[in-house]
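Have a look at the structure below, then the notes.
The values are calculated or read from the model by the stated rules, or taken from the named source; none is laboratory data. In this text, all values refer to a predicted model and were calculated from it rather than measured experimentally. Here the Cβ is made from the backbone with ideal geometry for all residues, glycine too, and neighbour counts use every protein chain on show. With ligands, DNA and RNA removed, areas are computed over all heavy atoms of the protein, side chains included. Shrake-Rupley method; radii C 1.70, N 1.55, O 1.52, S 1.80 Å.
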Amino acid sequence: GKDGNPLNEVRLLAASLLEHDGIMSEDSTIKYVAAKSVTGIAMGDKIVLDRATLARLAEAFFTQIEAKYPEA
């Protein structure tokens, strides 16, 4: 989907780290809202993840994977 789910949040984070020097950057195909995201990182902010935030993101990511692909 195009919503700001944890899978798309990880996609945004990865692209931002690899292509935008660690600055959270928009992707026109994803409707990302920082206030509703797992990390709370706003567009234009430097990406900094502490252990607790990374753990929440990992849990949400794998929960979403399991929900989307229950037979995997």
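May I ask you to give the solvent-accessible area per residue for the chain, in square angstrom, as obtained with a 1.4 angstrom probe?
Using a 1.4 Å probe on heavy atoms only, each residue of the chain averages 69 Å².
Leaving ligands, DNA and RNA out of it, report the carbon-plus-sulfur percent of the accessible area of the chain at a 1.4 Å probe.
Carbon and sulfur together cover 56 percent of it.
HN-Hα J couplings of region 43-51 from phi, Karplus 6.51/-1.76/1.60, θ = phi - 60°, integer Hz, Gly and Pro as x?
3J(HN,Hα) across region 43-51, in whole Hz: 4, x, 7, 6, 7, 9, 10, 8, 4.
Using the Kirkwood radius over C-alpha pairs as Rh, can you work out the diffusion coefficient of the chain via Stokes-Einstein at 37 °C, viscosity 0.692 mPa s, in µm² per second?
264
With r as the distance between the Cβ atoms of Leu17 and Glu66 and R0 = 25 Å, compute the FRET efficiency 1/(1 + (r/R0)^6) and round to 0.05.
Calculated value: 0.50.
In nm, give the distance between the simple-model label positions of Ala58 and Ala42, each being 7 Å from the Cα along the Cα-to-Cβ direction.
2.9
Please compute the contact order of the chain in relative form: average sequence separation of alpha-carbon pairs under 8 Å and at least six residues apart, divided by the residue count, as a percent.
It comes to 33 percent, rounded to a whole number.
Near the amide H of Lys31, under 5 Å away, which other amide H atoms are found, from residues 5 or more places off or on another chain, if H is placed in the peptide plane?
Asp3, Gly4
Quick one: what are the phi-derived ³J(HN,Hα) couplings along region 24-39, Karplus 6.51/-1.76/1.60 with θ = phi - 60°, whole Hz, x for glycine and proline?
So the Karplus estimates, Gly and Pro as x, are 4, 10, 5, 10, 5, 8, 10, 8, 9, 10, 3, 5, 9, 7, 6, 8 Hz.
Using 7 Å Cα-to-Cβ label points, what is the Thr29/Asp3 separation (nm, one decimal)?
Calculated label separation equals 1.9 nm.
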